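This report concerns only the one structure given below.
Every read-out reported here was derived from the displayed coordinates using simple, explicitly stated rules and does not represent laboratory data. All of these numbers come straight from a predicted model, not from anything done at the bench. Virtual Cβ from ideal backbone geometry, glycine too; neighbours counted across all protein chains shown.
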Amino acid sequence: MENIKDVNIFLYPRDWNNFIKEISNRKNKMLYEFQFNTGCRFNEGTHIRPMDFDFDRNNVRLWKTKTKAKKGEKFGKPRTISLSSEFGKKMKRFCDNKKPDEYLFKISQAGYNQLIKRKLKSLNVLNAEDFSSHNIRKTHGMYLKALGIDIAEICTRLGHDYNTYIKHYGSADVFSEKDMRAIRDLLGDLYFRQRRY
């Protein structure tokens, strides 16, 4: 049977937890966690600086976004997205003692993707060789969908239109109740923050 690359694969919570434990380099680990917690593209993540965060509101401004030439864009449209309070605190600590305009992450996309494949293969994750930064982004989108977040909100967060979401991110919900509990733990209060009135 022919092995066909599946771009729609994603990580189950157990596989994500095992993977992130395997990353020893602090900066690399934080970039994986940043992409996992925001759903950003690789290039969006590697252009993040301390000045792009609003830690009072737990937001980050993705300013180096994809230019959609087919839609007539000459520059990508920046978007501001929320962070969970727990991950916001983690990023704030990571930004300590860094210059406001300093890029936080320095790794090539090829190196980033190879590390994903190598670690997932060592963990015996199915189709490990097919994983890349795209699939961490896909994982984020799948978790939000499983939590019942509105598709329009997911599209806005990921920087996609509805058709792109359906084509590349709209897989069927296959999570067990145990997975769902783990997903809620992993994403924390990202979409379930208590409102203060």
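Which trypsin sites (Lys or Arg not before Pro) in the stretch 113-197 pass both tests, a DSSP loop state and at most 12 other beta-carbon atoms within 10 Å? If you can, show how the numbers build up before the last one.
Numbers: sites: K117, R118, K119, K121, R137, K138, K145, R157, K167, K178, R181, R184, R193, R195, R196; in loops: R193, R195, R196.
When the trypsin sites (Lys or Arg not before Pro) of the stretch 113-197 are filtered for loop state and at most 12 Cβ neighbours within 10 Å, R193, R195, R196 remain.
Build a GNM of the chain with springs between Cα atoms under 10 Å: which of I116, I166, I183 gets the top mean-square fluctuation?
Sorting by GNM fluctuation, first place goes to I166.
Could you give the length gained on full extension between R79 and K99, defined as 0.36 nm per residue of separation minus the Cα-Cα distance, in nm? Could the numbers behind the result be given before it?
Numbers: separation 20, 0.36 × 20 = 7.20 nm, distance 2.22 nm.
Gain in length upon complete extension: 5.0 nm.
Please list log₁₀ I(q)/I(0) at q = 0.15 Å⁻¹ for the chain, using the Debye equation with identical point scatterers on the alpha-carbon positions.
-0.97
Given 0.36 nm per residue, what is the gain on full extension from E86 to W63 after removing their alpha carbon distance, in nm? Could the numbers behind the result be given before it?
On the way: separation 23, 0.36 × 23 = 8.28 nm, distance 2.27 nm.
Contour length minus Cα-Cα distance gives 6.0 nm.
Give me the orientation-averaged projected area of the Cα convex hull of the stretch 81-197, in nm², one decimal.
Values: hull surface 40.2 nm².
The number I arrive at for the stretch 81-197 is 10.0 nm².
Return the Rg/Rh ratio of the stretch 16-125 with Cα-based radii and a Kirkwood Rh.
Working: Rg = 14.8 Å, Rh = 15.0 Å.
Reported Rg/Rh (Cα atoms, Kirkwood Rh): 0.99.
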